[in-house]
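Here is the structure we will look at, set down as structure tokens.
The values are calculated or read from the model by the stated rules, or taken from the named source; none is laboratory data. For clarity, every value in this text was computed on a predicted model and none was experimentally measured. Heads up, the Cβs are rebuilt from the backbone with ideal geometry, glycines too, and the neighbour counts pull from every protein chain shown.
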Amino acid sequence: MGKSDIKLIGSWASAFTTRVRIAFNIKNVEYEHLEEVLGKKSDLLLQSNPVHKKFPVLLHDGKPLPESLIIVQYIDEVWSSGPSILPADPLDRALERFWAAYVDEKFFPSLKLVRVTQGEQLAAAVEAVGKSFEVLDGAFHQCSKGNAFFGGERVGYLDIAFGCTLAWLRALEKIVGVKLFDEVKHPALAKWMDSFCSDPAVDGLIPETDRFIEFLKLLPGAPPRH
């Protein structure tokens, strides 16, 4: 199957697009990345995802598939000859899906809230992020079973789901001038973050912090910072 048969509509700044790109790297699959322009949704995107009108969207033999974690699971099943992304054990697989849902439904929204709040609301948002890290620290010990990654000895499904939020974490700490993640309190997670970002499947895909900050400045909703 050629590169032209596999296309990914997305953006360099999108954590959700990055998830899919890491999955392709793990499977060593070549694909064509179709970069979307901020604020301008292409006709191809609107045609490919008419329900949510959001990226990423995978085009496989011309057939569209939206939603990052659904795409990651699809990649894992279709290119089964490569390293597995989801665990083989049904319970472990279900647990990683549970925690990935926690990332998308609880952690990531609380992290994004830091960008658009100030004063007492900002303090509450920072506290919520801290509590989420406590929960995810427990998830790491549960899922990793003493290994370097949530997925065990190599980057897996939950690593991808959680790890792609790190650009937001690093940028927001600089923007608001508040420490959101405590390395001393969560040394295992701190070590995991370093291992994840330096992994060959991930290296170069997590946006550089200063560049990502400039991207965030273009998004609406943030209060003025001094």
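The residue list R97, R19 contains one member that is among the charged types (D, E, K, R), in a helix (DSSP H, G or I) and surrounded by 19 or more Cβ atoms within 10 Å (Cβ to Cβ), which is R19. Considering each of S110, S144 in turn, give the residue that is among the hydroxyl-bearing types (S, T, Y) and farther than 29 Å from N28 by Cβ. Within the list S110, S144, the selection yields S110. In the set S110, S80, S48, only one residue is of a type in the set (S, T, Y), free of Cβ contacts under 8 Å to residues at least 12 places away in the same chain and more than 21 Å from D203 (Cβ to Cβ); that residue is S80. Residues in the stretch 113-130 that are surrounded by fewer than 13 Cβ atoms within 10 Å (Cβ to Cβ) and either touching a residue at least 60 places away in the same chain (Cβ under 8 Å) or not aliphatic (A, V, I, L, M) (or both): G119, E120, E127.
Take the conditions (1) of a type outside the set (K, R); (2) touching a residue at least 60 places away in the same chain (Cβ under 8 Å); (3) surrounded by 19 or more Cβ atoms within 10 Å (Cβ to Cβ); L38 misses just one of them, which is (3).
Which numbered condition in (1) crowded, with 20+ Cβ neighbours inside 10 Å; (2) outside any loop (DSSP other than H, G, I, E, B) is the only one that E134 fails? Failing condition for E134: (1).
Table: residues versus (1) within 23 Å of S68 (Cα to Cα); (2) assigned to a helix (DSSP H, G or I); (3) of a type in the set (V, I, T); (4) assigned by TED's automatic domain parsing to the domain that holds F181.
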position	(1), (2), (3), (4)
L111	yes, yes, no, yes
Q121	no, yes, no, yes
G130	no, yes, no, yes
F140	yes, yes, no, yes
N147	no, no, no, yes
L158	yes, yes, no, yes
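All of F133, F162, F140, F107 fail the test of being farther than 26 Å from F215 by Cα and either modelled with pLDDT of 95 or more or in contact with a Ser or Thr (Cβ under 9 Å, 6 or more places away or on another chain) (or both), apart from F140.
Within the stretch 62-72, identify whether any single residue is over 30 Å from P224 (Cα atoms) and among the hydroxyl-bearing types (S, T, Y), and answer yes or no. Within the stretch 62-72, one or more residues are over 30 Å from P224 (Cα atoms) and among the hydroxyl-bearing types (S, T, Y). Quick test for you: out of E214, E183, pick the one residue that is in a helix (DSSP H, G or I), surrounded by fewer than 16 Cβ atoms within 10 Å (Cβ to Cβ) and either without any contact (Cβ under 8 Å) to a residue 12 or more places away in the chain or of a type in the set (F, W, Y) (or both). Answer to the check: E214. Considering the stretch 72-94, the residues that are outside any helix (DSSP H, G or I) and aliphatic (A, V, I, L, M) include one that is surrounded by the most Cβ atoms within 10 Å (Cβ to Cβ), namely I85.
Condition check for D5 on (1) closer than 24 Å to K217 by Cα; (2) at pLDDT below 95; (3) surrounded by 13 or more Cβ atoms within 10 Å (Cβ to Cβ): one failure, at (1).
Residues in the stretch 141-153 that are farther than 14 Å from D76 by Cα and either buried (at least 24 other Cβ atoms within 10 Å of the Cβ) or not hydroxyl-bearing (S, T, Y) (or both): H141, Q142, C143, K145, G146, N147, A148, F149, F150, G152, E153. For the stretch 32-47, filtering for residues that are more than 28 Å from L169 (Cα to Cα) and either of a type in the set (K, R) or in a loop (DSSP other than H, G, I, E, B) (or both) leaves 1.
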